[in-house]
Structure formats: C-alpha cells, structure tokens
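Each remark here refers to the structure printed beneath this line.
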Amino acid sequence: MFAVLGRTANHPVTEVAILADKNPDKQDFLAIDEWTYPELRTILDLAKAQKPLARAHKLPHTLPNRVLACVFAKPSLRTRVSFEVAMRQLGGQSMFITDKEIGMGVRESVHDVAKVMSRLCDGIMIRWFDDNEVRELARHATVPVINGLTDLTHPCQVMADILTVEEHLGTIEGKTVVMVGDGNNLANSWLNASIRFPFNFILACPEGYEPDAGIMDKAENAGASFMITHDPQEAVEGAHVIYGDAFYSMGQEDEAAKRRRDFAPFQINARLLEAAHPEHIVLHCLPAHRGEEITDEVMDGPHAVVFDEAENRLHAQRAILATLIR
Ligand code: CP
Ligand code: NVA
C-alpha cells in the first residue's frame, strides 16, 4: 500500500512542491543573542532532562526519518561527532558533506544550495568561514540552519559551556567567566551570551586581539556586564570560570608564530589560577594545544571540567535539534 505520509498527508501530491518552498515557522540557531532568555532556558533544561536518558540509551525517537546535513569547510571532532550522534539518538540520521563537494558559492550559488538542500534534508548544520554566507544560506533555506562555528561565532559551543557551568556551579547567575586568550569566535559568542544570561564576562587578551567591534557595541547597548582587559592576572582574580581556546584559530595557521609570541603571557597555568576563586572551574572548548595556551597541569588538574564540557556538546545540541527540526 502506498500513502503520502507526514507533513504532506493532508495535501494533494501536486501541492507538495509548493509547500516545500514555504516554511514560515522555521527557526535557525545562528547566534545566542538571537534567542530570548526563556527560549534558551528551555533548550538548556531539555538538555539537562535528556542527558541521563541519553546516557542510558533510553531517549525516545522524536525525529524519526529526519536527516541532518552536516556541512564542514573546516576540521572537527566534537562538532561532527556530537551532531551526528545526537541525530541518531533522536531516531534520525545525519550526512557528512565537505565544502569541497558542494562548493557553496563557487560551484553554485548559496541561494541554490539552500533551496536544493531544503528539498532533500530536514536541517542543515554548517561549519564555515564567513558568517555572512551562513546567514545567506539560512535566509534562503526553508529548513533550520545551525551554526557549527564560523570565523565570527561558535554558539553551540557556548550553549554546552553554560550547561557545564550550571552543572558544576549550580547556576551561571552572578558568576564571573574569564576567557584568557584571543578575542575570537568563542569570545564573541560569550559576549552574545552575556546579553541574555546574567553573568559577568571578562576577556583578557593582548592588545590588537579584541573581539568583534559590532558584537561589543551590541553587548554594551544591551547593558551586558563585560570587560576587556590586557592583564590576565588581574582578570582571573576571584573568577569562577576560567575559559581557554587556541591562540590561533582554524584558518589562521600562517599567523601561528606571531600569535605564539603575542599570546605567551596569556597561558592558563597553575600560577595564573592561584588568584581565581578557590572553587573555580576551568573550561576549554578543545582542541587544546597542551603546553601552549594551557598547561598539562591545569588540563589534568582537579579544577578542569573539559571532558564534561565536550560531552555536553552532545546534550546541548540534541536539545537544539529537538527544538528546531520538524
Ligand atoms: N570545540 C569544537 O568545536 O571542537 P571541534 O573543532 O573538534 O568540533
Ligand atoms: N577558535 C577556534 C575554536 C575551535 C573549536 C577556531 O575557530 O579554530
């Protein structure tokens, strides 16, 4: 027996193509501040509720037959594996596609890629260089688009980070999160988060490595509590969360030597952490360059929660997928 199943069930087959081009209700996850606090709270609470079920392999399959396209223009361990596992845990499937294959913006336009993928998949997760191209993809796509890291932001990582902070410190409210290092995509996403969540954000970076000016302006206009300093020692004083990332990001490999010199005083090591709150936690989005931006002593020490953080990529992103994909 043949039947038209799912969303198209009540419509004649001839209407299906028209329906596929219209999805006024779809939402994207491109930046944390584009979601309201109650929405973000709901996502994090869902992640917390589902975590023990997922660990026990007892999650209900709420996204059966759905396929997430995972597009990568940069390498990945955590983002790829966590998104692909999350889809399987929800009863759906995922597909790994590289930039080289689809040639978005080169082999065919971003617009056409968006339209085609929207006909073939139920969601798109993309790791890309240019944030504007991801926004263009999202504008034209009729399925949800999720930012899996661009040069500008890495919102899914910071959602997992907030989940980790809440698990270890009870709440992020009133806590001071100090990132020591580059004013990069992670710093920008923490600034975006500080617009929505009630914590203080401090970035200690070398001069010339400040976060995106537009995002700093937005955070300032929103009344977020943040500070940029060039003194890591002063920054970590009393801090509840110390946050690390690489001195040079994917795509900046040719700046590595200069950055290693410029960032040398910004290493997260045991001496730096002496001034932090006695019960501070240390996060790092990973991959870590041990001995460079963070020492083994800290990475493997009693305050580090970096592998809880890596696991939480799965739980936070599964909640995002469950919220967005129809
Ligand atoms: N933290 C993070 O995004 O890791 P990957 O680059 O391995 O995905
Ligand atoms: N800032 C780093 C994060 C890696 C997860 C990068 O963009 O390469």
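At a glance:
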{"item": "Which listed residue, of R318, R271, R261, R313, is away from ligand 1 (no atom under 13 Å from the Cβ), buried (at least 21 other Cβ atoms within 10 Å of the Cβ), modelled with pLDDT of 95 or more and in a helix (DSSP H, G or I)", "result": "R318"}
{"item": "Residue that is surrounded by fewer than 23 Cβ atoms within 10 Å (Cβ to Cβ) and within 16 Å of ligand 1 (Cβ to nearest atom), where the choices are P75, P52, P60, P64", "result": "P75"}
{"item": "Criterion violated by N132 - all others in (1) buried (at least 17 other Cβ atoms within 10 Å of the Cβ); (2) in a helix (DSSP H, G or I) satisfied", "result": "(1)"}
{"item": "Options R127, R119, R135; residue that is within 16 Å of ligand 2 (Cβ to nearest atom) and in contact (Cβ under 8 Å) with a residue 24 or more places away in the chain", "result": "R127"}
{"item": "Residue that is surrounded by the fewest Cβ atoms within 10 Å (Cβ to Cβ) [pool: residues in segment 78-91 that are within 25 Å of V116 (Cβ to Cβ) and within 13 Å of ligand 2 (Cβ to nearest atom)]", "result": "R80"}
{"item": "Some residue of segment 139-162 being away from ligand 1 (no atom under 16 Å from the Cβ), hydrophobic (A, V, I, L, M, F, W, C) and more than 17 Å from the chain's Cα centre (by Cα)", "result": "yes"}
{"item": "Filter pass, G183 being more than 16 Å from ligand 1 (Cβ to nearest atom), in a loop (DSSP other than H, G, I, E, B), within 16 Å of the chain's Cα centre (by Cα) and at pLDDT 95 or above", "result": "yes"}
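Each row is one residue, and each column tells you yes or no for (1) in contact with a strand residue (DSSP E or B) (Cβ under 7 Å, 6 or more places away or on another chain); (2) part of a strand (DSSP E or B).
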residue: T153; (1), (2): yes, no
residue: D161; (1), (2): yes, no
residue: T164; (1), (2): yes, no
residue: G174; (1), (2): no, no
residue: L191; (1), (2): yes, no
residue: F201; (1), (2): yes, yes
residue: P206; (1), (2): no, no
residue: E220; (1), (2): no, no
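To keep it simple, each residue is scored yes or no on (1) more than 28 Å from L46 (Cβ to Cβ); (2) within 16 Å of ligand 1 (Cβ to nearest atom); (3) in contact with a strand residue (DSSP E or B) (Cβ under 9 Å, 6 or more places away or on another chain).
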position: G214; (1), (2), (3): yes, no, no
position: D231; (1), (2), (3): yes, no, yes
position: F247; (1), (2), (3): yes, yes, no
position: H284; (1), (2), (3): no, yes, yes
position: L324; (1), (2), (3): no, no, yes
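The values are calculated or read from the model by the stated rules, or taken from the named source; none is laboratory data. Bear in mind the structure is a predicted one, so any value in this text is a computation, not a measurement. Heads up, the Cβs are rebuilt from the backbone with ideal geometry, glycines too, and the neighbour counts pull from every protein chain shown.
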